[in-house]
Structure formats: structure tokens, C-alpha cells
Amino acid sequence: MSSQKVIVTHESDTRTVGISFRYKDEERKIDRIFNFQRSTEEETYNILNRIINNILKAVNKKNKRKSDDPPEESISAKLVKLSDGESVPDEMPCYESFVAQASNHNLVIGPHSYAIDLNPPIVKSIDLPRNIMAGYSTYPTKLEVAFGVEEHCRFQWFKSNKKFESDKEAQKNLQTIQWLEHGTGRVCHTVADDVGRLLKVVITPFDGERQGEVAEAVANVVVSAGPGECPFHRRQRQFTSELAPEDCLRVISYNILADLYADSDHARTNLFPSCPPYAIAIDYRKQLLVTEITGYLGDLVCLQEVDEKVFLRDLAPAMAEVGLDGHYTAKGGQVTEGIVLFYRRSKLRLLEKNRIVLSQELPTNVLFADIWEKVQANPDLMKRILDRGTVLQVSVLESVGSCAGAERIVVVGGTHLYFYPDADHIRLIQTALCHTVLRQVMQLYQVKYPEKDVSLIFCGDFNSCPEFGVYRFMTQQWIGPDDSDWTTCEETKEHVKELSLSHDLEMDSACGLPQYTNYTPHFNGCLDYIFYQTDKYDVKQVVPLPSHEEVTEHIALPSPTFPSDHLPLIADLQFKPK
């Protein structure tokens, strides 16, 4: 903090004023930053007295003065007008003296005069990860900037000149470290030689051209060795080392396993017993996830089971660095995970986004009247469907620049259907609801933009294997009233009677029907799909899934080299000529 400024902060919706300054007095042997939070209505006289008292307390403590020592010589403090050097009235409220008229006043403490700097960009808080691995991206896990824009901050990274055997040893020797420059930018890319070193980031906040005071954070852990080359590195090197052509969209669908479902004794012991505790921790997994997802160079990235904090603090900033914008859609209910779509801003522009909670929409949307009538006929079925928090994320994007001649509108649906094993009938109904909404959105945009070609891509974790109704409905356009899925729920008496479903779009699974997209100790099967319109797109490339030997190297998923229990599907879809 500059010794010539007093930093004053006030947000319009609060009743407090922050006052911070550095007081340095060589004679009194003190050099310290003082911070105050005062009421907007407090009189200036009281604030100045508090400043004086706090400085004197610090001086006494620094010089180890005893109670019977001669009293410290008094320190003066006043707030003066720049116009004539006169003190402001004692009774002037804090808001008036330090905020409303900030540009007209200086704070004078002893021989030091401080110009008031009102609401400069400030780094309020910053944290670095609790796990940093060589070969993976590192970035602030928590960064709060007030009165400025995070995207405009300047980041400088440093590494220690020494290597340490442990985190504890590194922290004990902080004062002896010489810091070597290690790069710039929000993301720091570590290498093998960084193992054992500490990292430090220095951040300079900005609000336009206005620069704030620098802030820094030193990691609490040294860089550790990572898992080495993972199967996704080989996929990236062989199949996604370059962006998809301008007439293609590289589409990714990936259930990344929310920490909400992985961070529990039950998950570690029963659901994922083959995964070491360190490898299932989110601080470990998200480093792999960020490196994996960004390295596929996708144009449309549809993710499921995304913790909201992971989206905000990890994925969104990392994807922005590689040219993708995105949005998060929370599930219904109290869970803190949901669906995310990222899109490449050089190819696509967002026109509209919507969150559809299927259980809320079913009873009220006239589009679903026929389905709702049949569901209501069975109270058990109705209750189970209405208790679900399943959502459909609807995103409408327009091609821009040279992408497909900028004459396309792409409707993208993302979902994660109900998971319970005996719920094939629920998933089939949910798929039909999603498809109906997406089809209506397509029709509305075709009317609004008749000169453009409108197409559908529908991605997600459908929790349904190909032999069940979801895949048949999507690819065969029809489910009859006698379909086997309607009678797989006899034990719960949720049978579905006299319900048929249909649609008119020519759809298929872009990645075909892999043997599995989810592999755990208790189950493996194909649950994830990228459904696309076969009359609108050609499949230019399907990135092969990892080999069975790779998947089972550590028995099951997740593992030290696979950050989720699902595998990402990746396909390049080429626009067909209009």
C-alpha cells in the first residue's frame, strides 16, 4: 500500500466505510497498515480519535512500553480541505467526509499527508490450490476483486529458487526464498522441474485504466509430481491437436462426477472403492478435468454433474482462457450441481438460454397435455415424476464469422436424466418432454429467421443403455403404447398405460454405441450420447474412447488417471450444405 494514500471503500448498498492506510514512522520504529470499518453516520472527530489511539497502541506494543513508562508523545490527526487547508467540522458524518467529498479532502497524521483514493480496484481475497501438480494448470481457486474487473487483472507468477522435501519445510524457510519469474497470465503452467518448489502469484487489479494496489499469495504446498501421461493426453495428441474446421463443430459431452457425490465415506468405500482417496479428492481431480477438457479444443462442451463452485472458480476462467464462454444451469431441488454448456466465441454467439425443470413444466405446459393426462392416471407414477429435479438446459446459438457461412442457428439441449435402475419409464418420459421443448424452440427460431438453417444437438447423461426406450425414441422416432419400457416397473406399480410418443426429426448417436461410457466396480454401460440431426450434419470424426486396458489399469473409474467415472464423448459434426 502506498504511504501517500488512504484507501477508502464504500459500496452503495452498505452502511459502512472502509479506511486503510500505511503509517510509517522511523523514529517510533513502526511501519504498519491500519484498517478500519466505520459507520457512514459516525462523526469525523470520533474516527480521527480512533486512528490516533490505534497508532499509539501499536507504537507501545512495538516498543514494549510498560504501563508506568512516560506516556507516548501525542500524535495529531485531522481531515483537511484541499481548498484552504482548514480542518473539516468535527461533527461531519463519515460518509460526507470520506466518500461524498473524498476528492476535496486529505487525511493528515502527524507530518504525513494522505490523499483519499476512493474505491480503487482491490483484491479482497485470493487463495491458491491445496494441491499443485507438475504438468497441470494452476490458478487462483478463490479470487475476489472489488471495484474492478477480474478479467482485467494482471497476473505475475514466481517460483522459489529452492526445492523443498515437504510443505512444512517450505513454510519454515519462506524468508530465505528468492523468487524467480515463472510466467504471466491467470493460469500458471507447471513443469517437471517445478516439483518441490513453492509458487507465488502477484496480482495487480484494474478498473479500466485505473490501477489498484498489488496483492500476492504464496501457496501452502509445494508442487508435487503428477500422474504422468494420462490416456486423455494421448487422445488429445492423436485426435484433437488442432481446432475443428470452420464448417464443423467439435461437440463434447462429459459427466465429470460432482464432488457432491464423490466426497463422502459412502462414495469412497462403496461407490468408488478402487480409487485412492487422494485421487478422488476434488483438488486433485479438477486439475485433470481442466487439462483434459481444455485440451480437446471443443466448440460445444456439454458437461453434467458440475459443482457450481467448480464452474465459477475453475472451469469458467480456464475455458475463457482458451476462447470459450459458458453458462451454468442448476438442477431442481437443493443440490448444488447442474448442467454446463461452453461454446467457442469465435464460431458461435449465444442468442438465448433457458432452464426447464421438467417436473414443474409437465403439469402446466400445454405442449405436454397428452403426456400429463396419462401420467395423472397413475398416482404413484405422477408422484415419482414430480419429485424429480431433472432439468433441461436449452441454449440457442448463432454461427458467426466464417463458421458455416454464418447462416446457422444451433439449438443445443443438455440434460442428466433420473438415474435409478428401475426408472426406464421415467427416463423415457423425461426424454420426450425434453425433445418436445427443443422441437418447439427450433420451430420458433425457424419462423423468426427463415433465411437461416436451424438444427438440433442434444447431449447428456441419459442414464439409459441402448436397448431401452430412450435410444429407440431418439433414433426411431416412435414409442408405442406396448413398449417394454412401460412395463419394467411392475414392482412399484408405476406402469404406464396407453401412452405413445413420437417426433419428426432424423436423429442418431454421433459416437455410435460404445460398449460403455461409464465404468465402475458395480456397473458398466453406455449411458451418454451426443444425438444429432442426420439431415443437418455429417459425422466428420469420432474421437475413439480409451482402450479397455487403459480404463481398467486401476480396476475401475475414477482413478489416478481418469478424473470421472464417465468417459467424455467427442465428435466433429460437419454442417451439410443448405
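Readers should treat all values here as calculations from the given coordinates under stated rules, not as data from a laboratory. Just so it is clear, the model here is predicted, and its values are computed rather than measured. Quick reminder, even Gly has a Cβ in these numbers, built from the backbone with ideal geometry, and neighbours come from all protein chains shown.
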> For region 299-304, in order, what is each residue's ³J(HN,Hα) by Karplus, 6.51 cos²θ - 1.76 cosθ + 1.60 with θ = phi - 60°, in whole Hz (x at glycine and Pro)?
Replying inline: 9, 10, 10, 9, 10, 10
> Using the Karplus equation 6.51 cos²θ - 1.76 cosθ + 1.60 (θ = phi - 60°), what ³J(HN,Hα) coupling, rounded to whole Hz, does each residue of region 343-349 give in order, writing x for Gly and Pro?
Replying inline: 9, 6, 5, 6, 10, 9, 10
> For ARG349 and GLU96, what is the calculated FRET efficiency with R₀ set at 56 Å and r taken between the beta-carbons, to the nearest 0.05?
Replying inline: 0.75
> What share of the DSSP beta bridges in region 5-118 is antiparallel, in percent to the nearest 5?
Replying inline: 85
> Relative contact order of the chain: what whole-number percent is it, with Cα pairs under 8 angstrom and at least 6 residues apart?
Replying inline: 11
> If packing is taken as the mean number of other Cβ atoms within 10 Å per residue, what is the order of 480-486, 560-566, highest first?
Replying inline: 560-566, 480-486
> Can you list the residues, at least 5 places off or on another chain, whose amide H is less than 5 Å from the amide H of GLY226, using H built in the peptide plane?
Replying inline: ALA134
>> If amide hydrogens are placed 1.01 Å from N in the peptide plane, which non-local residues have theirs closer than 5 Å to the one on GLN533?
In response: LEU456
>> For a protection proxy built on the mean count of beta-carbon atoms within 10 angstrom, sort 164-177, 91-104, 494-507 highest first, please.
In response: 91-104, 494-507, 164-177
> What lysines sit close enough to LYS142 to cross-link, taking a C-alpha to C-alpha distance under 17 Å and skipping anything fewer than 8 places away on the same chain?
Replying inline: LYS124, LYS200, LYS286, LYS309
> Which FRET efficiency value, to the nearest 0.05, is calculated for SER224 and ALA115 with the Förster distance at 41 angstrom and r the Cβ-Cβ distance?
Replying inline: 0.35
> Candidates (i) 0.97; (ii) 1.22; (iii) 1.08; which is the computed Rg/Rh (Cα atoms, Kirkwood Rh)?
Replying inline: (iii)
> Under the Karplus relation 6.51 cos²θ - 1.76 cosθ + 1.60, θ = phi - 60°, what is the ordered set of whole-Hz ³J(HN,Hα) values for region 80-87, x standing for Gly and Pro?
Replying inline: 10, 7, 5, 5, 9, x, 7, 6
>> Can you tell me the length gained on complete extension of the stretch LYS172 to ASP325, counting 0.36 nm per residue apart and subtracting the Cα distance?
In response: 51.0 nm
>> Within the chain, which whole H helices from DSSP have a Cα span along their axis of at least 20 Å and a mean Kyte-Doolittle hydropathy of 0.0 or more, if any?
In response: 424-448
>> Quick check on the chain: helices-only [θ] at 222 nm, where DSSP H runs of length 4 and up contribute -39,500 (n - 2.57) each and the sum goes over total residues. Nearest 500, please.
In response: -6000 deg cm²/dmol
> What order, most packed first, do the peptides 466-478, 450-462 have when packing is the mean number of other Cβ atoms within 10 Å of each residue?
Replying inline: 450-462, 466-478
> Hey, which lysines would be in cross-link range of LYS493, C-alpha to C-alpha under 24 Å, not counting anything within fewer than 8 residues on its own chain?
Replying inline: LYS374, LYS383
>> Students often get this wrong, so check it: of LYS5/LYS81; LYS353/LYS578; LYS353/LYS452; LYS5/LYS61, which have C-alpha atoms separated by over 23 Å?
In response: LYS353/LYS578; LYS5/LYS61
>> At 0.36 nm per residue, and after removing the present C-alpha to C-alpha distance, how many nm does the segment from GLU86 to GLU27 gain when stretched out fully?
In response: 18.5 nm
> For a paramagnetic label modelled at 7 Å from the Cα of ASP535 toward its Cβ, which residues of region 437-472 fall within the zone defined by backbone nitrogen distances under 13 Å?
Replying inline: 454-456
> Fewest to most neighbouring Cβ within 10 Å: what's the order for VAL551, VAL201?
Replying inline: VAL551, VAL201
> So who's got an amide H within less than 5 Å of the one on GLU352, skipping anything under 5 residues away but keeping other chains? H placed 1.01 Å off N, in plane.
Replying inline: VAL396
